[in-house]
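In what follows, a structure is listed as structure tokens, so that the remarks can point back to it.
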Amino acid sequence: MFTLYWYPKCSTCRDAKKWLEAHGQQVETIDMISQPPAPKLLQQWMEESDLPMRRFFNTSGMKYRELGLKDQVDTFTLEEASQVLASDGMLIKRPILVKDGKFLLNGFKENEYEGVL
């Protein structure tokens, strides 16, 4: 079963969930705004991924801009980044797709989702 960390009001997140269900996948959803992932979990995902740390941040979000994170993210350690991300789910690039506790993808692009099925 897939776990989708999402924000229910986000159209991209809803599209990802619909796509998975349309392809016969069971999806457990976790609202990442009301229940942000723990710092250790975020750090684990960043370590498992080959994505740059910046890709875990919602760089187009208002909160990201308000906090002036653009100039800070590249100086963060993994631990610092995971602490900042866990402090507010709106800072996290969404949705995050996980299977059996292992990070697969963040964001939603059909071709990437097809690749993990």
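Cross-link partners of Lys102 among lysines, defined as those whose alpha carbon lies under 20 angstrom from its own and excluding same-chain residues fewer than eight positions apart: Lys17, Lys40, Lys93. Estimated from the Cβ-Cβ distance and a Förster radius of 22 angstrom, the FRET efficiency linking Val27 and Met62 is about 0.20.
Global dimensions of the stretch 1-54 from alpha-carbon coordinates: Rg and Dmax equal 12.4, 32 Å. Magnitude of the Cβ-charge dipole of the chain, K/R +1 and D/E -1, about the Cα centre, nearest 20 debye? Here the size comes out at about 340 debye.
When the helices in the chain are scored as -39500 (n - 2.57) per DSSP H run of 4 or longer and the sum is shared across all residues, what 222 nm value do you end up with, to the nearest 500 deg cm²/dmol? All intermediate terms of the calculation are to be shown ahead of the outcome.
Working: 5 runs with 44 residues, N = 117.
Only helices count here, giving -10500 deg cm²/dmol.
The residues of the chain present an accessible area of 56 Å² per residue when probed at 1.4 Å with all protein chains retained.
Rounded to a whole number of µm²/s, how large is the Stokes-Einstein D of the stretch 36-117 at 37 °C and 0.692 mPa s, given Rh as the Kirkwood radius over C-alpha pairs?
Values: Rh = 13.0 Å.
So the translational diffusion coefficient is about 253 µm²/s.
Calculate, for Lys102 and Lys9, the FRET efficiency according to 1/(1 + (r/R0)^6) with r their C-beta to C-beta distance and R0 22 Å; round to the nearest 0.05. According to the calculation, E is roughly 0.25.
The values are calculated or read from the model by the stated rules, or taken from the named source; none is laboratory data. Model, not experiment: these values are computed from the prediction. Don't worry about glycine lacking a Cβ; one is built from the backbone with ideal geometry, like all the others, and counts go over all protein chains shown. Heads up: the accessible areas ignore ligands, DNA and RNA and are worked out on the full protein's heavy atoms, side chains in. Shrake-Rupley method; radii C 1.70, N 1.55, O 1.52, S 1.80 Å.
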